[in-house]
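The values are calculated or read from the model by the stated rules, or taken from the named source; none is laboratory data. Just so it is clear, the structure is predicted and the values come from calculations on it, not from any experiment. In this analysis, Cβ positions are derived from the backbone assuming ideal geometry, glycine residues included, and neighbour counts consider all displayed protein chains. Note: accessible area is taken over every heavy atom of the protein model, side chains too, but ligands, DNA and RNA are not part of it. Shrake-Rupley method; radii C 1.70, N 1.55, O 1.52, S 1.80 Å.
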Amino acid sequence: MEENTASELSAQPIKPMKSVYKMIVMRGMVIFPGQTFHFDLGREKSRTALERAVELNEDIFLVAQKHDSMANPAPKDIYRVGTVARIKQVLKMPNDATRVLVTGIRRMEIDSYVSILPAFEVTLKEFETESSDESMMEAVCRVVGEQLSAYKKLDRSYNDMIVSPVGSDKFIAEVSQSIYKTVEQRQALLQLKSDYAMMEDIYARLVAECDMKTLEKKIAGKVRANIDKSQHEYYVREQIKALHDELGDGADELDEYEQRAEDKQLPEHAMEKVRRELARLDKMNPTSPEAGVSRTYLECILDLPWTETGRDNKDLDKATAILDADHYGLEKVKERIVEYLAVHQLTQNLRGSILCFVGPPGVGKTSIVASIARAVNRKLVSMSLGGVRDEAEIRGHRRTYIGALPGRILSGMRQAGVINPVFLLDEIDKMTSDFRGDPASALLEVLDPNQNDHFKDHYLDMEYDLSNVMFVTTANSVDTIPAPLLDRMEVIELTGYTFEEKLQIAKRFLLPKQQKQNGLEKVSIDVSDDVLMKIIVGYTRESGVRNLERSIEQVIRKLAVQQVKNKKKIKQFTVTESDLTEYLGVVKYTDDVNKIDDAGVVTGLAWTSVGGVTLNVEAAVIGNGKGEILLTGSLGDVMKESARTALSLVRSRAEQYGIAAEKFTACDLHIHVPEGATPKDGPSAGITMATAILSAMTGRKVRSDVAMTGEITLRGRVLAIGGLKEKSLAAYRVGIKTLIIPEENRKDVHDLPAEVTDNIRFLYASNIDEVFENAFI
């Protein structure tokens, strides 16, 4: 299209207003009458409207949208008042953009929407205006002109932007684009109904802008004066520095500290602390003890990470592969870790649960934390809490004490060098407290996601942000962890391994690891599954694999001796079952469970912090007694109460079981649980003791391949127990074929390893009669 000059446009007759206009919605722009303006079109709707208007040689209606962020505004998101404009030129730009040049003609108002797709089409009505008093108009134009001159003196850049006569349409358009900053302000100006009102609004805006420019110049003058003062201070400091150099008192050290603090981009409160400490250090004798304390404090602040971060691994598949490569099994644990990492990626913070891995020794609690650090590509910092009894170990000592140091939390952060490491708090259940404080209480702030962003160490004496740290804790048991601390952690249990899991761990991890550690990684060592299983069953008895690794290491060391003694290097070793006696000695463990059907002997199960164990409960009736009960085997109070409850239950049903009532008064009953040096407690041996008492009283034999666990009541109900996985693994290890458990624990059997459920028959009992029915021959 050919472009017309402004005079030609004014000479042309205005096209009669059509009933329907094509409409373009402007983002961030308001067009005024008399304004010639170019803009780019990107929306398909806008291009369609333009093409149709050009095709029909029509004017187009331009109106602003209320919010710039909306990509496809609806009618409710569009202003009602806009400008009818004449299309002067259309250019096709790269990337499918269209540039159009228009000139505003007059203000109009939307009457109704005709169509929205494929382009906006509207009917318009005349914008109602009000006439202005000529004398008032002349007066306001004069004051606007005077104020505009004052404004141009304050900001010379506007001399070429506002050149049209004051009061004209073009003047209003020029002022709207230069003085009015937002779409809302320009739209409000466009919607004013009289020329006088528009000029009055422009005058008020010019006055406000002049005041703002005057204030800006005043502030700039103050800043320039401060800069001049800073330059003067710099000159003086350089002179002082030269004097210090002549005296040799190390003033460069202060500048170095200050420069390091600036380079670290410390938070404002930390930077202020550094400045105050440097001011104190500057007044001290460099050789005084106080100066040494001050230097140590500054080094601590500057060595701590404040903004430095490590680069996280966000690939969950890669994280899963690393966890699988480092650990066999533990599927639920790995799944929970991947969930934890996924949530962290979505929320970009770790303000969630603190993970606490609980399980017996040797099941991989500490090593899986190292795998987590490797999976998320973060540095690992570990802190053992075993035996910690001083609060200062966590929070540090105040600097008033000689030899004060920061706590181990900040020391770990200093060691990590980043603000987002994986921080392992190992053996959190082994903490104690004494007159020096309670470290568990100090950890409450550290492990609370709502508080640890302003953790305060006594030595540092200012807030430090620990919210980006991924804290993970480990424990053998939750019983000794204080309830408030336990409440801040999500407990994930790592139970004992089955024989098959131990076999796979030995083949995939332990054997290659010990070969490498003992210098035989280039030698082929053939150890069959049967041999490894013999080591697992005969030489170890544990929930984890720590003793298994020691046994394998012992075998590898024997082979290493043979390799060194042999003049010709051996390229392959084969370990057989017969070699194990030579390498490891005689078999250490055999099935200690009762193998003979006998009266008064019942196999029970117990849970310990190192896993599940089997125990034989023995009961004997002693004639010529007084009806007393004797309990031996280091039994705890709860277990003693369970024995008395079991006796009362059997006694209350003596007639049902064919026991003479006088037998309970004429005879004594002795209950013993072997391994008397080992303390035992808990209510889960209740049905075991009841079965042993009834067997001893009646002389009926109990099946030796049956084990049982469950709490008993005086009414004969069998109540649920905990630690079923550990107990069932213990039963499986010793060859138990049938396991009687409470009916309420039926749901827990689904979580047991397939290796256990395939080899043990589970019987469920809700009352003691069901136990007796399946236990006796």
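Summary of values
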quantity	calculated
Members of segment 277-324 that are within 22 Å of residue 402 (Cβ to Cβ), among the charged types (D, E, K, R) and either open to solvent by less than 80 Å² (accessible area, probe 1.4 Å) or in contact with a Cys (Cβ under 8 Å, 6 or more places away or on another chain) (or both)	277, 295, 299, 303
Residue within segment 370-379 that is farther than 30 Å from residue 264 by Cα and out of contact with any Cys (no Cβ under 7 Å at 6 or more places or on another chain) present	yes
Identity of the residue in segment 156-174, of a type in the set (Val, Ile, Thr) and farther than 15 Å from residue 137 by Cα, that ends up least open to solvent (accessible area, probe 1.4 Å)	162
Candidates 549, 582 - the one that is open to solvent by 30 Å² or more (accessible area, probe 1.4 Å), in a helix (DSSP H, G or I), under 30 Å from residue 733 (Cα atoms) and in contact with a Leu (Cβ under 8 Å, 6 or more places away or on another chain)	549
Residues within segment 174-197 that are assigned to a helix (DSSP H, G or I), under 49 Å from the mean Cα position of the chain (by Cα) and among the aliphatic types (A, V, I, L, M), tallied	2
Only one of 24, 60 that is touching a Ser or Thr at 6+ places or on another chain (Cβ under 7 Å), modelled with pLDDT of 90 or more, among the hydrophobic types (A, V, I, L, M, F, W, C) and open to solvent by less than 40 Å² (accessible area, probe 1.4 Å)	24
Qualifying residues in segment 175-208 (those that are open to solvent by 50 Å² or more (accessible area, probe 1.4 Å) and aromatic (Phe, Trp, Tyr)) - the one farthest from residue 29 (Cα to Cα)	196
Among (1) in contact (Cβ under 8 Å) with a residue 24 or more places away in the chain; (2) within 21 Å of residue 269 (Cα to Cα); (3) open to solvent by less than 70 Å² (accessible area, probe 1.4 Å); (4) part of a helix (DSSP H, G or I), the one test that residue 411 misses	(1)
Count - residues of segment 652-673 that are in contact with a strand residue (DSSP E or B) (Cβ under 6 Å, 6 or more places away or on another chain) and open to solvent by 10 Å² or more (accessible area, probe 1.4 Å)	4
Scope segment 415-455; condition in contact (Cβ under 8 Å) with a residue 60 or more places away in the chain and surrounded by fewer than 16 Cβ atoms within 10 Å (Cβ to Cβ); matching residues	417, 450
Those helices (runs of 4 or more DSSP H) lying entirely in segment 672-770 with at least 3 residues touching a residue at least 12 places away in the same chain (Cβ under 8 Å) and under 16 Å from residue 495 (Cβ atoms)	724-733
Filtered residues of segment 115-127 (kept if closer than 17 Å to residue 58 by Cβ and either charged (D, E, K, R) or surrounded by 14 or more Cβ atoms within 10 Å (Cβ to Cβ) (or both))	119, 120, 121, 122, 123, 124
Residue 144 more than 25 Å from residue 79 (Cβ to Cβ) and either buried (at least 18 other Cβ atoms within 10 Å of the Cβ) or touching an Asp or Glu at 6+ places or on another chain (Cβ under 7 Å) (or both)	yes
Exclusive hit being β-branched (Val, Ile, Thr) and more than 18 Å from residue 383 (Cβ to Cβ), set 428, 492, 481	492
Residues of segment 290-303 that turn out to be over 21 Å from residue 414 (Cα atoms) and either in contact (Cβ under 8 Å) with a residue 60 or more places away in the chain or small (Gly, Ala, Ser) (or both), as a count	1
Checklist (1) outside any loop (DSSP other than H, G, I, E, B); (2) free of Cβ contacts under 8 Å to residues at least 24 places away in the same chain; (3) open to solvent by 40 Å² or more (accessible area, probe 1.4 Å); (4) of a type in the set (Val, Ile, Thr) applied to residue 338, failing item	(3)
Complete set of residues in segment 590-618 that are surrounded by 14 or more Cβ atoms within 10 Å (Cβ to Cβ), at pLDDT below 85 and not in a strand (DSSP E or B)	592, 593, 594, 597, 609, 610
Flag if residue 114 is within 24 Å of residue 184 (Cβ to Cβ), in contact with a strand residue (DSSP E or B) (Cβ under 7 Å, 6 or more places away or on another chain), assigned to a strand (DSSP E or B) and β-branched (Val, Ile, Thr)	no
Filtered residues of segment 621-663 (kept if over 21 Å from residue 713 (Cα atoms) and in a strand (DSSP E or B))	621, 622, 632
Residues of segment 252-289 satisfying the condition of being over 18 Å from residue 414 (Cβ atoms), acidic (Asp, Glu) and at pLDDT below 85	252, 253, 255, 256, 258, 262, 282
